[in-house]
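Taken together, the values in this text are just the output of simple stated rules run on the coordinates, not laboratory data. Please read all numbers here as calculations on a predicted model, not as lab measurements. Positions of Cβ are backbone-derived with ideal geometry, glycine not excepted, and every protein chain shown enters the neighbour counts.
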Amino acid sequence: MKPEDEVRLKALIDQAFAAGAQGQNFMASFLREKGGVAEQDKPLFGAVAVVMNRYDLMMQSGLLARCQHLAGVGPQPMFWVPFAPHLLRCFECCKVVNEQIAGTVEDRTCDACGTVEEEGFVYSCAVERPPVVLARPFFRSYGPVIVHFGLCRVCHKTSYPESP
Ligand SMILES: [Zn+2]
Ligand SMILES: [Zn+2]
């Protein structure tokens, strides 16, 4: 690798690492504030895998756009919600879209199976996918993606059998 490429790559890795740390901060505060389930990338099963497969398909489809705040800036955490799946959002835009459904039926709908729960019975979950750095075909880095979703009681139980 050419020395200047090595420098570029190292800078991208540093940026991606910083964005990853921001993502982990979000995940930690999510756990504190929402009392939900938050986890890093690890083998997922049950309803969580259903939601993450949907995210992966959307990502691979090439149809997933990014909000204007994520375009043309260095890597930063990006957010994805299954009920508005066409866009990767920055933190603020994700907050807005979540506020839009607060108190609606959508807010009580399980993102894995579609069951509509009573008020207060949807479990908030978040899964983080780590940042990505590419050297080929272009030098590029992407921040972590945090997938943010809600599960009904049954789906939550099957995904996290050990939790209360
Ligand atoms: Zn935005
Ligand atoms: Zn469900």
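Against the main long axis of the alpha-carbon atoms of the chain, helix 3-34 sits at an angle near 20°.
Computed about its Cα centre, the charge dipole of region 3-159 is approximately 220 debye, with only Lys, Arg, Asp and Glu carrying charge at their Cβ.
Pairs of lysines in region 3-159 whose Cα atoms sit within less than 22 Å of one another amount to 4, provided the residues are eight or more positions apart or on different chains.
Each stretch of four or more DSSP H residues adds -39500 (n - 2.57); spread over every residue of the chain, this sum gives -13500 deg cm²/dmol at 222 nm.
With both residues required to sit in region 3-159, DSSP beta bridges show an antiparallel share near 60%.
Between Gly72, Gly114, Gly23, the GNM of the chain built on Cα springs shorter than 10 angstrom shows Gly72 fluctuating the most.
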